[in-house]
Amino acid sequence: MTEDADDQRRAPRIGLVGGWSFSADMFTPLLESRPGVSFDVYDWHSFAREWLAPCGAEDAGPDVWLGWSLGGGLLLEALARGRIRPQRLILVSATPRFLAEEGWPGVSRAEWRALRQAARRDPRVAAQGFRHRFSLGDVDAFPVENSADVAGLDWLARIDARALLGGASTPIEVWLAADDPLIPLVWVDSLSLSPAVTVRRLSRPGHAAIFECWSELAGRLA
């Protein structure tokens, strides 16, 4: 076996999971920056169907998973259920508990309910409003398909992985952005995090920071 072939054999398999209202095409710049790397790419909807359904995938999954926003929350849920067994998780602009509670920063239940009602009426219109509010671009740039389904919002309301982050043994990198109106930086100060959890700062602000930070995330996947 040649040295190049041996390196390819040892290269990690990488999984990517997108956020609410985004297709897997959002990761195209990352894929193009790492030619030859084996990627499993999902929108949140296809990930939940494959990895969180009662009869979902049974293999251990990729060695490294990266999830953005809702995608990060779903990765924590899959880890808690033992459905994935990665060497490392990278969570970008994600939180273990999306909804605000007493002593916990997050989105109000009233605001979440309003978005859910809008998505039930017209997913595309709701997705467009959501993207405009958080400077995430136009739906024509990243098609909605099934990714604006209300089931994704229900996952956001249901997931609570705070205890998991307190006792995690799997290495987890949490990448957060300044001035993110959807995922507040201060949530990390509300938890006693496991030593396996590392908090890093994205170089750009806002919930859309990932779209300008592909190179630094690609470096962490190297």
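Just a few scattered comments:
- Condition met for Asp138 (acidic (Asp, Glu), closer than 19 Å to His45 by Cβ and at pLDDT below 95): no
- One residue from Leu75, Leu52, Leu89, Leu79 being under 15 Å from Trp20 (Cα atoms) and aliphatic (A, V, I, L, M): Leu75
- Condition check for Arg83: outside any loop (DSSP other than H, G, I, E, B), more than 21 Å from Gly206 (Cα to Cα) and basic (Lys, Arg): no
- Output for the stretch 63-83, where each listed residue is surrounded by 24 or more Cβ atoms within 10 Å (Cβ to Cβ) and either on the phi < 0 side of the Ramachandran plot or not small (Gly, Ala, Ser) (or both): Trp65, Leu66, Gly67, Trp68, Leu70, Gly71, Gly72, Gly73, Leu74, Leu75, Leu76, Ala78
- Hey, Leu176 closer than 19 Å to Leu221 by Cα, touching a helix residue (DSSP H, G or I) at 6+ places or on another chain (Cβ under 6 Å), hydrophobic (A, V, I, L, M, F, W, C) and surrounded by 15 or more Cβ atoms within 10 Å (Cβ to Cβ) or not: yes
- Top-ranked residue of the stretch 94-133 - restricted to ones that are open to solvent by 20 Å² or more (accessible area, probe 1.4 Å) and in contact with a Leu (Cβ under 7 Å, 6 or more places away or on another chain), ranked as farthest from Ala163 (Cα to Cα): Phe130
- Cross-chain or 6+ apart pairs with Cβ under 8 Å, the stretch 124-140 first and free of Cβ contacts under 8 Å to residues at least 24 places away in the same chain and under 19 Å from Phe27 (Cβ atoms), then basic (Lys, Arg) and open to solvent by less than 40 Å² (accessible area, probe 1.4 Å): Asp138/Arg131
- Once the stretch 166-198 is narrowed to residues that are part of a helix (DSSP H, G or I) and β-branched (Val, Ile, Thr), the residue that is farthest from the chain's Cα centre (by Cα) is Val186.
The values are calculated or read from the model by the stated rules, or taken from the named source; none is laboratory data. Since the structure is predicted, the reported quantities are computational estimates derived from the model, not experimental observations. FYI the Cβ positions are ideal-geometry reconstructions off the backbone, even for glycines, and counts take in every protein chain you see. For the accessible areas, the whole protein counts, side chains as well, though only heavy atoms, and no ligand, DNA or RNA atoms are used. Shrake-Rupley method; radii C 1.70, N 1.55, O 1.52, S 1.80 Å.
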